[in-house]
Each structure stands twice: as C-alpha cells, then as structure tokens.
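What follows is a single structure, written as structure tokens, with notes after it.
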Amino acid sequence: MKKEIKNYQSPEISQEMISSIVSLAATGVSGVEGLSMKITDEIMDKLSLASSLKGVKVSHEPEGLIIGVYLITEPRVDIVRVSREVQTKVKASVESMTGLQVTSVNIRIEGSGI
C-alpha cells in the first residue's frame, strides 16, 4: 500500500513523487555522478513507513519531511560543497513543487566515481 501525504494546498502527493523530485534535484548538482541504495536499506524500508526510490529515503514526521540522499560523487570533487548544494537544491525543489515543509536533508556519500 502506498502512503500518501496530504497537502491541503493541492491534491495528495505520493512519497514516490517526492522521491522523484529529490532524485532529479540531486542529480542536477555539479559533482554528483549518481545515487546509490544499499540492499540492507531497501529491506529496512519494506519494514518501515519510509518510502525509498533508488538512493532516496523520504519519511513524514509531524514537523515535516526528513529526506535522506545516498550519493556517488564524481572523482576529485569537494564533497562538502557538493553535499551542501544538494541539501539546498533538494529542500528548495521539494518545498516549491509540493508546498510541503522539509525539516532536514541528510546526505550520505556512498562512493566517489564508478
């Protein structure tokens, strides 16, 4: 069963749609090569209320959305700069496209270059 998030400013927005917005925003940042999801995280998501799309976790808390992004960066990039840009772009994209409050965007670097 898909969990729907109610937004009283617009129709219901699925967590899968939010995950897609996050994925597009994150991969649009210079220095991001792609997104990654560990198998154990995928299994844990099946057991929890958090939704996941490859490399993205979205959970709905009373204070707002908590978003996790699992990144693979390009070789020899400033990881701190890339992480901050992804946080800023993801938060702005989700809030502007959905009207939902984003409480935090947590970045985890899974690797550098494939």
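The values are calculated or read from the model by the stated rules, or taken from the named source; none is laboratory data. Keep in mind that this is a model prediction, so the values were computed, not measured. Don't worry about glycine lacking a Cβ; one is built from the backbone with ideal geometry, like all the others, and counts go over all protein chains shown.
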State whether one or more residues within region 53-67 are within 9 Å of the chain's Cα centre (by Cα), within 27 Å of G113 (Cβ to Cβ) and at pLDDT 95 or above.
-> yes
For residues that are closer than 18 Å to T27 by Cβ and among the acidic types (D, E), scanning just region 82-114, find the one that is surrounded by the most Cβ atoms within 10 Å (Cβ to Cβ).
-> E85
Taking region 93-114 only, how many residues are more than 14 Å from K57 (Cβ to Cβ) and within 12 Å of the chain's Cα centre (by Cα)?
-> 1
Could you grab me the full set of residues in region 87-112 that are part of a helix (DSSP H, G or I) and touching a strand residue (DSSP E or B) at 6+ places or on another chain (Cβ under 6 Å)?
-> Q87, V90, K91, V94, E95, T98
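Rundown of residues vs (1) modelled with pLDDT of 90 or more; (2) surrounded by 19 or more Cβ atoms within 10 Å (Cβ to Cβ); (3) not in a loop (DSSP other than H, G, I, E, B), yes/no style:
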site	(1), (2), (3)
I18	yes, yes, yes
V29	yes, yes, no
I43	no, no, yes
L49	no, no, no
V80	yes, no, yes
Say we look at region 68-77 and pick out the residues that are outside any loop (DSSP other than H, G, I, E, B) and either β-branched (V, I, T) or modelled with pLDDT under 70 (or both); which of these is surrounded by the most Cβ atoms within 10 Å (Cβ to Cβ)?
-> V69
